[in-house]
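Quick notes on the structure that follows.
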Protein chains: 2
Amino acid sequence: MNKRLLSIGLAVLVSAGYSLSAFAQAKPETLVKQRQSAMVLQGKYFGPLGGMAQGKVPYDQAVVARNAGYLDALSRMAWDGFNPNTKDVKSAALPAVYSDTAKFKEAQDHFISEASKLAAVSKSGDEAAVKAQIGAVGKTCGGCHENFREKQ
Amino acid sequence: MNKRLLSIGLAVLVSAGYSLSAFAQAKPETLVKQRQSAMVLQGKYFGPLGGMAQGKVPYDQAVVARNAGYLDALSRMAWDGFNPNTKDVKSAALPAVYSDTAKFKEAQDHFISEASKLAAVSKSGDEAAVKAQIGAVGKTCGGCHENFREKQ
């Protein structure tokens, strides 16, 4: 392995605020930023699908398959960011995130499961089935936001 | 399709700042936020791999495979956010992003290609090969940051 080249990459990370020694214990502010980043990207890639399901955006099979694949990954990325040590960091997360953990976990799992199904269905090219599954994913977004996120 | 449920999901998106009518023309500030979110998550999932390649974090095959899969997706998410209409939004992007577009595209493609190889190699469980490929990905992070991002 070329250690000099790896060092360049790691130097980039460190300069971006990632302390190598702190991987196992990221700062609460970093965890919040990371989980919010996952939500931002879920919005980016779910948005057009929602528009397609509602007929407001032309249906595009290639975009659906790509976005659904991304969402399958993105749906799994936010949750370890809701560490109890982030409780006092300013965000839209409601206290229920930290007190009703079983229900919160259930809502996460539901979203992950429906997003995973969407990724599978999106490969079929069956437009009606895809649109129905987009609806199912949208419902799970709401399921979490309604109970665990401040109204915006 | 259950239109009422889909509407809930879309209402969540709209309340989060995603205008359905504006999908094709996201605001410059939104594009910057989205591309920065992709970078934050690249850091989240590459960081531990860099630590493993340097021997500073214990090698964990399950984490490697998961993170490499995420990075394969994340490596593709930032680039449409560097739209020329974001030129005047405050960020660390250097003017070269918008003037030396061919070289910038080449750097993006190089990163995507190496991240994709890492996802493939990570399934092999060959620790030495994985570590070498982590180094190759790290190099491509630096290749872009050195020329297209303000020194931090």
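Restricted to segment A:44-90, and to residues there that are crowded, with 17+ Cβ neighbours inside 10 Å and more than 19 Å from the chain's Cα centre (by Cα), the residue that is farthest from residue A:112 (Cα to Cα) is A:57. Check whether at least one residue in segment B:110-120 is of a type outside the set (Lys, Arg) and more than 16 Å from the chain's Cα centre (by Cα), and report yes or no. Yes, that holds for at least one residue. Among residues that are crowded, with 17+ Cβ neighbours inside 10 Å and within 12 Å of residue B:147 (Cβ to Cβ), residue B:107 is included. Restricting attention to segment B:28-39 and to residues that are farther than 22 Å from residue A:27 by Cβ and not charged (D, E, K, R), the residue that is farthest from the other protein chains (Cβ to nearest Cβ) turns out to be B:28. The helices (runs of 4 or more DSSP H) located wholly in segment A:54-152 that include 3 or more residues which are of a type in the set (Asp, Glu) occupy A:101-122. Can you find, within segment A:40-65, the residue that is farthest from residue A:75 (Cα to Cα) among those that are at the interface with chain B (Cβ under 8 Å from one of its Cβ atoms) and of a type in the set (A, V, I, L, M, F, W, C)? That would be A:57. Among the residues of segment A:27-39, the one identified as closer than 16 Å to residue B:76 by Cβ and touching a Ser or Thr at 6+ places or on another chain (Cβ under 6 Å) is A:37.
Values quoted throughout were computed directly from the atomic coordinates according to the rules given, and no laboratory measurement underlies them. Predicted, not measured: the structure shown is a model, and the values here were computed from it. Cβ atoms come from the backbone with ideal geometry, glycine included; neighbour counts cover every protein chain shown.
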